[in-house]
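The block underneath contains the structure these notes are about, expressed in structure tokens.
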Amino acid sequence: MNLKNSLLFLSLLTCLPCFGQKFSDGMVRISTEQQADGKFLIYGEHDYLAPISVWLEFSTLKNLTPNGAVPYKAVIKAGEKKKLLLTLTPKPKAKTDIKYVYKYTLGDYTKARHQIDYAYCLPFLDKATYKLSQGYFGKFSHEKQHCIDFDMPEGTEIVAAREGTVIAMRKDSDQGGATRDFADLCNYVIIYHADGTFANYLHFKKDGVMVSVGQQIKKGESIGYSGNTGWSSGPHLHFEVYQPNTMLPEKKTIPTKFRVAKGKIMELKEGEKYTGYQGNE
């Protein structure tokens, strides 16, 4: 079968960090080439500064034998171009057909393991105090998720809770609202950590993100200013840490501990107020 005339169907469905927030189109690309001997080669590549876990599911695989188990999972390293994911070998003198969808999530599902004893700093300035308005599994928008929201006025300075690399950001949105319809309009920063996890900082004000993709960020360093963009019922900061789940393409949000005072490290509770503490001890 000539690839040009095949019924190849590609669909990009991402595992999203912000209740439906979309990454830039074209950041992950899956392509299929047919060789002269009839074999199909499926390649993957992306533009993120972190690994990507990819999941391929076939709805049609007629007279083609894959060289790996399907559904197929693979990891594309940061900066890796045209990685061969899967080879499909046709049966002799048989008509072939192929249809599949692919999904992806940030991170390496085979290696990412959260450092459970890491103490995050609160994501705002030293001595500033804000209320945790929604905690883990919150009923408004955190169901089944380890995510937290801090109520704070628009324009509040936000700092990195952990050191890492900025791998994605958005700052051009000026829209927000209290329903999922606004989820794609969120300004955000995503930081990649040394243990393979990621932190999402969401709802920055328009032009309030002060970092760029590829920038190395220190713990406690300013990254921007809070706002009310995206799925938001009022000005606040949303924070979460996650890693790819071994059951791709899902992600797994992770409970985290924060240093809230000298010698005091704890998980935060909904309804409580917390004061920023940037000390190391």
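Which whole-number percent gives the relative contact order of the chain, counting Cα pairs below 8 Å spaced six or more residues apart? Display every interim value, and only then the final one.
Working: 778 pairs, mean separation 57.3, N = 281.
About 20 percent, as a whole number.
Going Cα to Cα from Lys127, which lysines come in below 24 Å? Please leave out same-chain ones fewer than 8 positions away.
Lys205, Lys218, Lys219, Lys257, Lys262, Lys264, Lys269, Lys273
Give the calculated FRET efficiency between Thr275 and Asp117 to the nearest 0.05, with a Förster radius of 22 Å applied to their Cβ-Cβ distance. Before the final figure, lay out each step's value.
Values: r = 23 Å, r/R0 = 1.03.
Given R0 = 22 Å and the Cβ-Cβ separation, E is 0.45.
Counting DSSP beta bridges with both partners in the chain, what percentage is antiparallel, nearest 5? Kindly include the intermediate steps, with their values, before the conclusion.
Numbers: 71 of 79 bridges.
Approximately 90 percent, going by the DSSP bridge assignments.
For segment 169-255, take the convex hull of the Cα atoms, compute a quarter of its surface area, and give me that in nm², please. All intermediate terms of the calculation are to be shown ahead of the outcome.
Working: hull surface 25.2 nm².
For segment 169-255, averaging the hull's shadow over all directions gives 6.3 nm².
Can you spot the aspartates and glutamates whose alpha carbon is less than 12 Å from Lys99's alpha carbon? Ignore those fewer than 8 places along the same chain.
Glu57
With a point put 7 Å past each Cα toward its Cβ, work out how far Asp181 is from Asp207 in nm, to one decimal.
Going by the 7 Å Cα→Cβ label model, 2.8 nm.
Convert each backbone phi in segment 127-136 into a coupling constant with the Karplus relation 6.51 cos²θ - 1.76 cosθ + 1.60 (shift: θ = phi - 60°), then list the ³J(HN,Hα) values in order as whole Hz, x for Gly and Pro.
Result, rounded to whole Hz: 6, 7, 10, 9, 8, 7, 7, 9, x, 4.
At a 10 angstrom cut-off on C-beta neighbours, averaged per residue, how do the peptides 40-52, 59-71, 76-88 rank from highest to lowest? It would help to have the intermediate numbers written out before the result.
Numbers: 40-52: 20.2, 59-71: 13.8, 76-88: 16.1.
My ranking of the peptides, most packed first, is 40-52, 76-88, 59-71.
Find out how many positive minus negative residues lie around Asp149, taking Lys and Arg as positive, Asp and Glu as negative, among other residues whose Cβ is under 11 Å from that of Asp149. Intermediate values should be presented prior to the final figure.
Values: positive: Lys131; negative: Asp151, Glu240, Glu270.
Net of charged neighbours comes to -2.
When the convex hull of the Cα atoms of segment 119-275 is projected onto a plane and the area is averaged over all directions, what value comes out in nm²? Write down the numbers at each step before the final one.
Working: hull surface 34.9 nm².
The Cα convex hull of segment 119-275, projected and averaged over all directions, gives 8.7 nm².
Any read-out appearing in this document is the output of simple, stated calculations on the displayed coordinates, not a laboratory observation. Everything numeric in this text was worked out from a predicted model, so none of it was measured. Here Cβ is always computed from backbone atoms with ideal geometry, including for glycine, and neighbour counts include all displayed protein chains.
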